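The values are calculated or read from the model by the stated rules, or taken from the named source; none is laboratory data. Keep in mind that this is a model prediction, so the values were computed, not measured. Using ideal geometry, Cβ is built from the backbone for each residue, glycine included, and neighbour counts are taken over all protein chains shown. Surface accessibility is based on the protein's heavy atoms, side chains included, excluding ligands, DNA and RNA. Shrake-Rupley method; radii C 1.70, N 1.55, O 1.52, S 1.80 Å.
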Amino acid sequence: MNKKLKIITKVLDGLAFICVALLFLKYAVMSANMMFDWNLRWYFLEDIPHMAIILFLLMFIFSVPSEMIKDKQKEKHDKQML
């Protein structure tokens, strides 16, 4: 059971990191376009409406359960040490 939880937390952490990275890149591209008058585009994510809000929510949806699992494992480990 412990191995499954470790895999689940790694997957959730990875998905949360991907959401953070995409959110950062979205605003980095927007800032670069405004500052340098470039015309950079998001061909694969440009047509998704409200993408920033979706990524922000997904970041919390993935990270909160991962932290809850980690806290539960830590509590279980602390009880075993006593």
Subject >> Solvent exposure of the chain as accessible area per residue, Å², 1.4 Å probe >> reply: 85 Å²
Original post:
The list [x] 106; [y] 87; [z] 165 gives values of volume of the Cα convex hull per residue in Å³, and only one came from this structure; which label was calculated from it?
Top reply: [x]
Subject >> Using θ = phi - 60° and Karplus 6.51 cos²θ - 1.76 cosθ + 1.60, couplings along region 20-37 (whole Hz; Gly, Pro as x) >> reply: 5, 5, 5, 5, 4, 5, 4, 6, 5, 5, 4, 5, 5, 4, 6, 6, 9, 6
Original post:
Using a probe of 1.4 angstrom, how much of the accessible area of the chain is carbon and sulfur, in percent?
Top reply: 70 percent
Original post:
In region 22-82, what chymotrypsin sites (Phe, Trp or Tyr not before Pro) fall in a loop by DSSP, with at most 13 other Cβ atoms inside 10 Å?
Top reply: Trp38, Tyr43, Phe44
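Once you charge only the Cβ atoms, +1 for Lys and Arg and -1 for Asp and Glu, what is the size of the charge dipole of the chain about its Cα centre, to the nearest 20 debye?
600 debye
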Subject >> the chain: angle of helix 51-81 to the longest principal axis, Cα-based, in degrees nearest 10 >> reply: 20 degrees
